[in-house]
1. Suppose we filter the stretch 96-142 for residues that are within 19 Å of the chain's Cα centre (by Cα) and over 14 Å from Pro35 (Cα atoms); how many remain?
2. Which members of the stretch 46-78 meet the condition of being hydrophobic (A, V, I, L, M, F, W, C), open to solvent by 20 Å² or more (accessible area, probe 1.4 Å) and in contact with a strand residue (DSSP E or B) (Cβ under 8 Å, 6 or more places away or on another chain)?
3. Which residue pairs have Cβ atoms closer than 8 Å, lie 6 or more positions apart in sequence or on different chains, and pair a first residue in the stretch 1-27 that is closer than 13 Å to His58 by Cβ and β-branched (Val, Ile, Thr) with a second residue that is more than 13 Å from the ligand (Cβ to nearest atom) and modelled with pLDDT under 95?
4. Any residue at all in the stretch 120-142 that's within 16 Å of the ligand (Cβ to nearest atom), under 20 Å from Glu280 (Cα atoms), open to solvent by 20 Å² or more (accessible area, probe 1.4 Å) and among the β-branched types (Val, Ile, Thr)?
5. Would you check which residues across the stretch 217-260 are small (Gly, Ala, Ser), assigned to a loop (DSSP other than H, G, I, E, B) and either open to solvent by less than 40 Å² (accessible area, probe 1.4 Å) or touching a Cys at 6+ places or on another chain (Cβ under 6 Å) (or both) and list them?
6. Restricting to the stretch 152-163, name every residue that is open to solvent by 40 Å² or more (accessible area, probe 1.4 Å) and away from the ligand (no atom under 16 Å from the Cβ).
7. Do we have Asp332 as closer than 30 Å to Ile6 by Cα and crowded, with 21+ Cβ neighbours inside 10 Å here?
8. With the condition kept exactly as written, say whether any residue in the stretch 1-16 is part of a helix (DSSP H, G or I), under 23 Å from Arg208 (Cβ atoms), within 12 Å of the ligand (Cβ to nearest atom) and in contact with a helix residue (DSSP H, G or I) (Cβ under 6 Å, 6 or more places away or on another chain).
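The values are calculated or read from the model by the stated rules, or taken from the named source; none is laboratory data. Since this is a predicted model, take the numbers as computed values, not measurements. So basically every Cβ, Gly included, is an ideal-geometry build from the backbone, and we count neighbours across all protein chains shown. Areas reflect the complete protein model, heavy atoms only, side chains present, ligands, DNA and RNA absent. Shrake-Rupley method; radii C 1.70, N 1.55, O 1.52, S 1.80 Å.
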Amino acid sequence: MRIGIIGCGVAGSVLAERLLRAPGITVEAYDRLPPDAVEDSGTGLNVGPNAMKALRLHLPARHDAVRAASLPWTRWFIDLASGRRLFDLPLAEVAEDAGIRLRWSELYRLLRAPVAGITRFGLELVAIEEDAVGRLVPVLQAADGARLRPRGYDLLVAGDGRYSALRALAAGPTTPSFHGIAMTRLLVPEAADCPYDDYGQWFNGNARLLSYRLPGGAAYIAGGFPLAAPEAEIPPEARTAAFQRALYTPETGAACPAVAWMVERLAAGVDSIHWARLQEAPLQRTAGAGRVLFLGDAAHAMVPTLGQGATQAIEDGIVAGAVLARGGGAEDVAAWRDTRVGFVRRFSLEATDTMFPGADPVAGSLAKREPEFLAKLRRLYTDVPRPEEFSQ
Ligand SMILES: Cc1cc2nc3c(=O)[nH]c(=O)nc-3n(C[C@H](O)[C@H](O)[C@H](O)COP(=O)(O)OP(=O)(O)OC[C@H]3O[C@@H](n4cnc5c(N)ncnc54)[C@H](O)[C@@H]3O)c2cc1C
């Protein structure tokens, strides 16, 4: 079976590695960017315990490499901007593995390394055609405009992310749902004086900061704040130091040292902030009568609240690899994955409750200590199939 992967990001790289030595399978991958480049959205990333469990069980060498290059994510706390603690969870209470914190570019580098020999970079998918026996042929364009039609594939896999060209070509345009929340991301390269370490969140009204330290003395600060309406654009005045300061500084009383530190970094780095709006796209797993398989964001772009985008892309790559290696097809991947993905998407949106206008961040954060929420977290972080389940 010939498998062509479009997009060698998180899901594409993991799938390619999982299939490298699968008997009877030839796998080749293509990416539009040069090997060391990352989309400009990337700064820091927390990858959930569930993806680390999946890597540990199925790709132990990759697990060890990724863990060695990252800091452990072992705790999640939620404070008010004043410093009042609302929630403090050691992840070991709900997970079998620690998560990780690392730079986005580092994750890409580590996942792409083992599949460099079968990946061609600098080639962008622009069309698909069929060969004489009905296999799909990707049409790939280089930076100089030259077009390549490498060969026909029995299965084309979309690992080309949120704005997947393969999904648009094979299944038509996708309409994202916006949820009226602006998202900011900032990398602070020199953060030796950062007054916290592991994953924390701080609320000022419905505006929320999320931050943690990264390897190499850096820190990552993500912000989120409500917009005027679900579909509203981010107003230009939000992109100023004064706005960012006011957003997270309590109206009465002082900001706690952590929030004061982040507010200074946001104000100083306002021109380096990456901007996005909270959005998700409908789940679609296959197209082209089973000849196209969608993975990661190409299949199910989700809200980033629980840090599950790249995490689920890793699970997708692992499970799809196990299914395809034993002779399954795109529909079998859907059967293995989509109930869980549906749960993760609903839970991620549910956990966004405290950021919506009018919601009470204190009551919402306290509710996350309740058994119902913790049981869902446990399901999220541990419910990963073992290799032997695929041979039954
Ligand atoms: C604000 C925000 C914060 C986030 N934080 C987290 C977090 O903390 N933890 C987490 O787990 N997730 C997080 N995510 C989500 C995460 O970034 C994505 O879910 C993840 O990168 C998806 O992986 P993927 O493999 O599907 O696609 P990507 O990683 O996006 O990879 C797509 C690849 O396809 C290539 N490509 C694109 N188009 C083409 C084309 N036409 N032809 C050839 N190649 C192409 C790209 O160059 C890229 O290499 C966040 C997302 C946002 C927006």
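1. Looking only at that region, the number is 7.
2. Ala69, Leu71
3. From the stretch 1-27, no pairs qualify.
4. No: the stretch 120-142 contains no residue that is within 16 Å of the ligand (Cβ to nearest atom), under 20 Å from Glu280 (Cα atoms), open to solvent by 20 Å² or more (accessible area, probe 1.4 Å) and among the β-branched types (Val, Ile, Thr).
5. Here is the first cut: in the stretch 217-260, the ones small (Gly, Ala, Ser) are 217-219, 222-224, 228-229, 232, 238, 241-242, 246, 253-255, 258, 260.
Subset that is assigned to a loop (DSSP other than H, G, I, E, B): 228-229, 232, 253-255.
Of everything in the stretch 217-260, those that are small (Gly, Ala, Ser), assigned to a loop (DSSP other than H, G, I, E, B) and either open to solvent by less than 40 Å² (accessible area, probe 1.4 Å) or touching a Cys at 6+ places or on another chain (Cβ under 6 Å) (or both) turn out to be Ala232, Ala255.
6. Hit for the stretch 152-163 is Asp154, nothing else.
7. No: the conditions fail for Asp332.
8. Taking every residue of the stretch 1-16 in turn, none turns out to be part of a helix (DSSP H, G or I), under 23 Å from Arg208 (Cβ atoms), within 12 Å of the ligand (Cβ to nearest atom) and in contact with a helix residue (DSSP H, G or I) (Cβ under 6 Å, 6 or more places away or on another chain).
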